[in-house]
1. Return the long-range amide H neighbours of residue 397 (sequence gap of 5 or more, or a different chain), with a cut-off of under 5 Å between placed amide H atoms.
2. Taking every eigenvalue of the Cα gyration tensor of the range 107-229, multiplying by 5 and rooting it, what semi-axes result, largest first, whole Å?
3. State the extension gain, in nm to one decimal, for the chain segment bounded by residue 392 and residue 279, taking 0.36 nm per residue of separation less the distance between their alpha-carbons.
4. Take residue 252 and residue 94, extend 7 Å from each Cα along the Cα→Cβ direction, and tell me the distance between the two endpoints in nm.
5. Which number comes out as Rg/Rh for the range 245-318 once both Rg and the Kirkwood Rh are worked out on C-alpha atoms?
6. Can you compute log10 of I(q)/I(0) for the range 90-142 with the Debye formula, treating each Cα as one identical point scatterer, at q = 0.27 Å⁻¹?
7. What does the convex hull of the Cα atoms of the range 285-434 come to per residue, in Å³, rounded to a whole number?
8. What residues qualify as long-range amide H neighbours of residue 150, i.e. H under 5 Å apart, gap of 5 or more or another chain, H built at 1.01 Å from N?
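Bear in mind that the values in this text are calculations on the coordinates, not laboratory data. Predicted, not measured: the structure shown is a model, and the values here were computed from it. For neighbour counting, all protein chains shown are included, and Cβ atoms are generated from backbone atoms with ideal geometry for every residue, glycine included.
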Amino acid sequence: MNALSPAPRLPGTGAGGAGCTAAPVLRERGQREVFCGLTGIVWLHRKIQDAFFLVVGSRTCAHLIQSAAGVMIFAEPRFATAIIEERDLAGLADANEELDRVVARLLERRPDIRLLFLVGSCPSEVIKLDLSRAAQRLSRRIHPDVRVLNYSGSGIETTFTQGEDACLAALVPEMPAEPAGAAPSLLVVGALAEVVEDQMRRLFDAMGIARVHFLPPRRANELAPVGPNTLMLLAQPFLADTARALAGRGARRLPAPFPLGVEGTTMWLRAAAEAFGVDPTRFAAATAAGEARARGAVARHRERLAGRKIFFFPDSQLEVPLARFLSRELDMELAEVGSPYLHREHLAEELAMLPEGTALSEGQHLDRQLDRCRDARPDLVVCGLGLANPLEAEGMATKWSIELVFTPIQGYDQAGDLAALFSRPLLRRAKLEV
Ligand code: SF4
C-alpha cells in the first residue's frame, strides 16, 4: 500500500462490509428520458482523428448531433448526416444507391478520411436499411484506402454511452492478431481525453509497463494487436459488447474499479501493476505524487458536499462509480443510484465499495422514479437535460449527466475537477439564495 494512501478500505471489508455486492436492484421498464447512442459521436469524432461518422438518419438525428456538438466545431467536422427523405421512407427511392452516391461525394471532398463509420438510426432501422451490407459493399469498392464499418446509434437499440460501446465493438474484428508468443500487453479500453491518456501512459511508463495500447486509437491505422496475451483494463463502465468481442479474440479483463477519484484511480492502476508483476515500491513511487495532488484537490470540495444527499437518474452508466467516489471520498449520502444497465461483473468491485443498503435501480419508469426523487428531497440530482429544468423549477439543484461524459474526469489530475462538477451547482444555488 502506498505510504500516502489512507487506511485501506478494500472491497468487501471495513465499515461497508460486502457493500452492495449482493444488494437487490429495483428493475424498472417504462418511459425513459435518455439520449440515444448517436450522442457518442460528439466525443468519438475528436478521438480518432482520421475517422468520419456518417449518420444515416432523419433531420431530427442531424439536429441532435448538430446541437450537441455544434459548439465544438472549429473547422471541418468529422461527422455528418445522410438525411433519409420521405420518398426513401415510402420506399420510392433506392436508399442504397443514394447512400453510395453520398459516400462517393464525401470521400472525394475529404481525402483525409481513413475510417468511415456508417451509423444507423431509428429511421434507417425502420426502413430496414442494411448498413452492414452497405459497409461491406463500400469497403470492397474503396478499401484499402478507406475502411468502412457500421454500428447502430438508434434510440430503439441504444442509450447515450452505448453508442461508444457499439462503435468500439465494431472496431474489434479489425484489430490485428498479436504475433505468436507475444509478450503480454495492456489494452486500455474506452475513449479517454488525450490529456488523460497521456497522463495514464506516463504512469504506466513509470511503473515499467511498456507495451500499452488504447482503444480507440488516435488514428485508424494504429489499432492495437489483440490475442491471449492481451490484458484489458476497462476505462469506462459501459463497454459490455466491446469487452465481450475482445474476450472472443482471447483478451482477458483485469477486474478493477474505474479510474474515477483518487481511490478508483489507484486501484485501477494497481490492477495493471499486479498483473504485470510491478514491485509495490515502484508502484508507490510512480503514483505517490499524483495521488497526493488528487487528494488535496478533492478535499477542497468536501466541506460543501459532505452530508449532502444525491439522487442519480439513469443516463450514462457512470452512475455506480460516481456514487462510490462521492460517498467514499466526499462523504455524500446516496438517495438512489439509477443506471440504464447494471453490468454486475464489470461493476463488481464498484458495488462492493458502495455503502450497504444503497438504493440501486436499473432501467427506468420515469414517473415512479420522479416520485421517489421528490420524496427523497435530495440536495443534488444527476439527470439528463430533459429533466434538469423541470426539477430546477421544483427547487432541486441538478447536474447534467452528459457533462460527466464530455469532461475529462478520469485519473488523478482530474479528480478535483470531478468533485467540482458536483460542488458547483450547490455553490451556485447557495449564491442565488443569498
Ligand atoms: Fe431521435 Fe432515433 Fe435519431 Fe436518436 S436515432 S436522434 S432517437 S430519431
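1. Correct list: 381.
2. Working from the Cα gyration tensor, I get semi-axes of 30, 18, 14 Å.
3. Answer, rounded to one decimal: 35.7 nm.
4. For the pair residue 252/residue 94, the computed spacing is 5.2 nm.
5. With Rh from the inverse mean 1/r over Cα pairs, Rg/Rh is 1.08.
6. These q points yield log10 I(q)/I(0) values of -1.22.
7. 117
8. The answer is 118.
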